[in-house]
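The values are calculated or read from the model by the stated rules, or taken from the named source; none is laboratory data. Quantities reported herein were computed from a predicted structural model and do not represent experimental measurements. A quick note on method: Cβ atoms are made from the backbone with ideal geometry, for glycine too, and the neighbour counts reach across all protein chains shown. Remember, those area values only see protein heavy atoms, side chains included, never the ligands or the DNA or RNA. Shrake-Rupley method; radii C 1.70, N 1.55, O 1.52, S 1.80 Å.
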Amino acid sequence: MTIIEAKNYEDLSMKTAALIGAQILKRPNSVLGLATGSSPVGAYRELIKWNQNGSIDFSKVTTINLDEYVGLSTENPQSYHYFMHENLFNHVNIRKSAVHVPPGSDYDMQKACDDYEKLIEDVGGIDLQLLGIGLNGHIAFNEPDDHFPPKTHVVKLTESTIDANARFYNSRDEVPKSAITMGIGTIMKARSIILIASGANKIKILEEALSGPVTPQIPASVLQYHNDLTVIYCK
Ligand code: GLP
């Protein structure tokens, strides 16, 4: 595990973008696992800049996002589909057919989950997975549980996650109560992982996850078992 303390959010964003950019330079047809939330926005901004000035080419890249709310259409501004297009995909030369976000409004959610697992296999697995961390230690939408979910599945969000995400909505009632998410097993299969955390309020959970016992009560703690993990954080 490599742990990097960034000077501030801008530095964290630059370092994260540098690692993602290096991955694309090394392997132009990389499969990137991407995350939503406020933490990766700055890194996406850097990548857009580097794409537009010709330093980084997304034309052969494939992306697989971690999660999506259940019940929101792709056009809903609160959906992760929308978020990813706004914050990255619409501004880089990625093929629209190479962009994948789990479907949040599929009639048969179990089939949607199975299809997503198959998709990840079909593209050859994820080369580099970017992750944020929730205040309760969740990664993607894998909430504290009594086991580590192996595969893409539908989850009921915890009250603490609904509270944390309410800032993006007019009212708490509007926050979806469930989501589709890659499982912990899906995430752990990525060949390399970058975990980013920004802000003093994330330090305690980060310490617990990285140096405490590995337990499904703190889903991110499983990352201690990954053999290519880079953690970048700032206070
Ligand atoms: C949401 C996402 C997670 C993300 C977390 C933290 O719950 N599903 O993937 O890591 O928020 O978000 P932020 O970076 O805004 O703190």
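Checked against the criterion of being assigned to a strand (DSSP E or B), surrounded by 14 or more Cβ atoms within 10 Å (Cβ to Cβ) and more than 12 Å from the ligand (Cβ to nearest atom), the candidates Thr230, Thr186 yield just one match: Thr230. Pairs meeting the criteria (first residue in the stretch 66-78 and over 15 Å from Asn165 (Cα atoms) and open to solvent by 40 Å² or more (accessible area, probe 1.4 Å), second residue in a loop (DSSP other than H, G, I, E, B) and within 15 Å of the ligand (Cβ to nearest atom), beta carbons under 9 Å, at least 6 apart or on different chains) are Gly71/Gly104; Gly71/Pro176; Gly71/Lys177; Ser73/Ser79; Ser73/Gly104; Thr74/Val101; Thr74/Gly104; Asn76/Gly104. Suppose the filter is in contact with a strand residue (DSSP E or B) (Cβ under 9 Å, 6 or more places away or on another chain), within 15 Å of the ligand (Cβ to nearest atom) and without any contact (Cβ under 8 Å) to a residue 24 or more places away in the chain; does His85 pass it? The answer is no for His85.
Residues of the stretch 171-196 that are among the polar types (S, T, N, Q) and either closer than 17 Å to Gly37 by Cα or in contact with an Asp or Glu (Cβ under 8 Å, 6 or more places away or on another chain) (or both): Ser178, Thr181, Thr186, Ser192.
Being of a type outside the set (S, T, N, Q), out of contact with any strand residue (DSSP E or B) (no Cβ under 7 Å at 6 or more places or on another chain), closer than 16 Å to Gly71 by Cα and open to solvent by 20 Å² or more (accessible area, probe 1.4 Å) narrows it down to one of Arg167, Arg172, so name that one.
Values: Arg167 fails: closer than 16 Å to Gly71 by Cα.
Only one candidate passes the filter, namely Arg172.
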